[in-house]
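Remarks on the structure that follows.
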Amino acid sequence: MSANAFDPALIADDCCLHLDSGECEQLPVQRWNGEPDAADVLMLDRCLGPTLDVGCGPGRMTRALNARGTASIGIDTSRVAARMTAERGGLVMRRSVFERIPGEGAWRHVLLADGNVGIGGDPVGLFRRIHQLLAHGGSAVVELHPPGIGVRCRRCSIRGGTWFRWAHVGMDAVDGIADTAGFRTGWTAHRDDRWFAELIRI
């Protein structure tokens, strides 16, 4: 995925993810740029130790964790996202989750909010990488799509930009992905039409 693929969404009031199927998915850009809401708090409450916020975007979750006294670093490939997170007071690195990350094998949690389980278009590959980042018994706290969609891997673009691979993972598909990638599904929840799970590293 191009490092700048999501930049138009980060600086817009309204933006869509265009799928190669011809569908258009509205992106929650106002939520990204706001303060954590009640559904976000469900994820934040699961992060009780050093947390890597993958695809941190404008940094609302990274900053919220730091404000709670939880050591947290956001990572994002986007220069715009990194700047916005830093301006919010969050610790951030401009980097891909597939690059070298400080503290590999020692993170207590990896946070994938806002559908970032889609990064790279290969959920099993992504979770195998996250397995490497986590300490034994650590967890991935993830936001998913509603039950019924399974796993859909597609090419996407934003505002006519470069096409990139992205995945949609439904709540009904997470157990299979977890098992294949070396996790077990623990806590699950949903609120305000958003779905969440915690995957425990085994």
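How would the range 155-196 be classified by its alpha-carbon gyration tensor: rounded, prolate or oblate, with rounded meaning a/c under 1.5 and the a/b versus b/c comparison settling the rest? Oblate is the answer for the range 155-196, as a/c is 1.5 or above yet b/c matches or exceeds a/b.
Between A189, A82, A181, the Gaussian network model of the chain with springs among Cα atoms under 10 angstrom shows the greatest mean-square fluctuation at A189. With both residues required to sit in the range 76-176, DSSP beta bridges show an antiparallel share near 50%.
Take the alpha carbon gyration tensor of the range 129-185, find the square roots of its eigenvalues, order them as a ≥ b ≥ c, and report rounded if a/c is under 1.5; if not, report prolate when a/b exceeds b/c, else oblate. The shape class here is oblate.
Computed on the Cα atoms alone, the convex hull of the chain gives a volume of 102 cubic angstrom per residue. For the chain, taking a cut-off of 4.7 Å between Cβ atoms, the unpaired cysteines are C15, C47, C56, C153, C156. Which part of the range 42-67 falls in the paramagnetic zone of A106, meaning amide N under 12 Å from the point 7 Å along Cα-to-beta-carbon? Inside the label zone: 50.
Between D179 and A86, residue separation times 0.36 nm minus the direct Cα-Cα distance comes to 29.9 nm.
Listed by number, the DSSP H helices of the chain that run 30 Å or longer by alpha-carbon position along their axis and have mean Kyte hydropathy of at least -1.0 come to an empty list.
Distance distribution P(r), the range 1-55, all Cα-Cα pairs, bin width 5 angstrom from 0: 4, 15, 18, 22, 18, 15, 7, 2, 0 percent.
With N the number of residues in the range 36-106, Rg(Cα) / (2.2 N^0.38 Å) evaluates to 1.03.
Shape class for the range 87-137: oblate, because the ratio a/c of the largest to smallest gyration tensor axis (alpha-carbon atoms, square roots of eigenvalues) is 1.5 or more and b/c is at least a/b. Among DSSP beta bridges whose residues both lie in the chain, state the antiparallel percentage, nearest 5. Antiparallel: roughly 60 percent of the beta bridges in the chain. Summed over qualifying helices (DSSP H, 4 residues or more, each -39500 (n - 2.57)) and divided by its residue number, the chain shows a 222 nm mean residue ellipticity of -6500 deg cm²/dmol.
By a 1.4 Å probe calculation restricted to protein chains, I11 has an accessible surface near 120 Å², given to the nearest 10. In this structure the chain gives 43 Å² per residue of accessible area when probed at 1.4 Å with all protein chains present. The label-point distance for E99 and W187, in a model that sets each label 7 Å from Cα toward Cβ, rounds to 3.1 nm.
Extending 7 Å from Cα along the Cβ direction at R152 and again at V41 yields two label points whose distance is 3.2 nm. Counted residue by residue at 0.36 nm each, then reduced by the alpha carbon distance between them, the extension gain from E25 to R128 reaches 34.4 nm.
The values are calculated or read from the model by the stated rules, or taken from the named source; none is laboratory data. Model, not experiment: these values are computed from the prediction. Heads up, the Cβs are rebuilt from the backbone with ideal geometry, glycines too, and the neighbour counts pull from every protein chain shown. Surface areas here come from the heavy atoms of the whole protein model, side chains and all, with no ligands, DNA or RNA. Shrake-Rupley method; radii C 1.70, N 1.55, O 1.52, S 1.80 Å.
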